[in-house]
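Engineer: Below are the structure tokens for one structure; questions will follow.
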Amino acid sequence: MNGGIFSYVMLFFLFYMIFSIFTMQKKNAKNKKMLGILSKFDEKDEFFAEADEYISTEKDPEYNTKLQVLRLWGYAYYEEDEKFREQAAALNLNPIIYNGNKSNISVNEDSFFYLFLAIPNRLYYRDRADLRKVLADKMAEYDSAVGSMMLKAINEAAEKFYTKTDDFGKEFFLILVNGEYSGMTYSKQLIGLYKQSAEVFLAKLAQDENDEEAFNGYLEDLKSFEQTRLGRRLISELGVVMPAAPAEEEPEEAEEPAEAADEEAKEDEAPEEQASAGEEKE
């Protein structure tokens, strides 16, 4: 009898493992498809064509919603403002918040990165406070579900920076950089990105206050962050003025043309961007 029960238990776990592997493979395939679409982001027409096709055919509500968020980001970036309003109004975030009775937020934090930081920051850069409010009103519908997210707190601090109110978000950004964020929910894989983003805000505040010492304290991290696509964009959007790179000294001996061309080719090889579906994921 006991042996029979044990066999049934083992059979159950075997089927469960097979099902889990199958589900993971399907998710990996969908993630790969999404990243493929995102890789076309610089080609506006191609990106929107592939995003539209995916949204019209993908039956999984979770991944369909994730693509709608990416399309919303595209509308903000490419200044398709009426389409932005329409997409924001139609957006239903429940599929990336809930998985049955369980929270689905942790596996979809990349989408919330766009909703709480990347998109509002782009709209700040474009001086479109009206569209930031459109998005903020949409996100307010989900306050009870996302209230403890670090990204929501970042968004609230960033809004103080955008509107030049209260302390411009400085206190929170310092808390984040110093690692004092107990009680908030966040992805361990993305916490480094959040801290780097906070440092950009703090560096801009230091620059505006002519606090050279504080600015220089963030400078090395900013230089590193600037090597990524996301970092370059955030630094540019917030208006941080980076010091010019020192001019290279002339070589003591002239290089042969072939050697010089080879060195130029090496310098032109940009490092691959560090992105999670939360970056780009842009």
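The values are calculated or read from the model by the stated rules, or taken from the named source; none is laboratory data. This is a predicted model, so every value here is computed, not measured. Because the Cβ atoms are built from the backbone with ideal geometry, glycine has one as well, and the counts that use them run over all protein chains shown.
Engineer: Just to be sure, is Pro120 surrounded by 21 or more Cβ atoms within 10 Å (Cβ to Cβ) and either basic (Lys, Arg) or part of a helix (DSSP H, G or I) (or both)?
Structural biologist: Taking the combined requirement at face value, the residue satisfies it.
Engineer: To continue, here is another question. Determine whether the range 166-184 contains at least one residue that is of a type in the set (Lys, Arg) and in a helix (DSSP H, G or I).
Structural biologist: Yes, because at least one residue in the range 166-184 is of a type in the set (Lys, Arg) and in a helix (DSSP H, G or I).
Engineer: Mind checking which pairs have a first residue in the range 92-113 that is closer than 13 Å to Thr185 by Cα and a second that is of a type in the set (Lys, Arg), Cβ under 7 Å, 6 or more apart or different chains?
Structural biologist: Listed by first residue and then by second, the contacts come to Asn108/Lys66.
Engineer: Something else now. Looking at the range 128-137, can you tell me whether even one residue there is among the basic types (Lys, Arg), closer than 20 Å to Ala198 by Cα and at pLDDT 95 or above?
Structural biologist: Yes.
Engineer: Only one residue in Lys133, Lys160, Lys170, Lys164 is under 24 Å from Tyr77 (Cα atoms), among the charged types (D, E, K, R) and surrounded by 16 or more Cβ atoms within 10 Å (Cβ to Cβ), so which one is that?
Structural biologist: Being under 24 Å from Tyr77 (Cα atoms), among the charged types (D, E, K, R) and surrounded by 16 or more Cβ atoms within 10 Å (Cβ to Cβ) holds for just one of Lys133, Lys160, Lys170, Lys164, which is Lys160.
Engineer: Kindly indicate whether Val200 is touching a Lys or Arg at 6+ places or on another chain (Cβ under 7 Å), under 18 Å from Glu159 (Cα atoms) and buried (at least 19 other Cβ atoms within 10 Å of the Cβ).
Structural biologist: The answer is no for Val200.
Engineer: Quick one: which residue in Glu272, Glu264 is under 30 Å from Ser111 (Cβ atoms), at pLDDT below 50 and not assigned by TED's automatic domain parsing to the domain that holds Ala76?
Structural biologist: Among Glu272, Glu264, only Glu272 is under 30 Å from Ser111 (Cβ atoms), at pLDDT below 50 and not assigned by TED's automatic domain parsing to the domain that holds Ala76.
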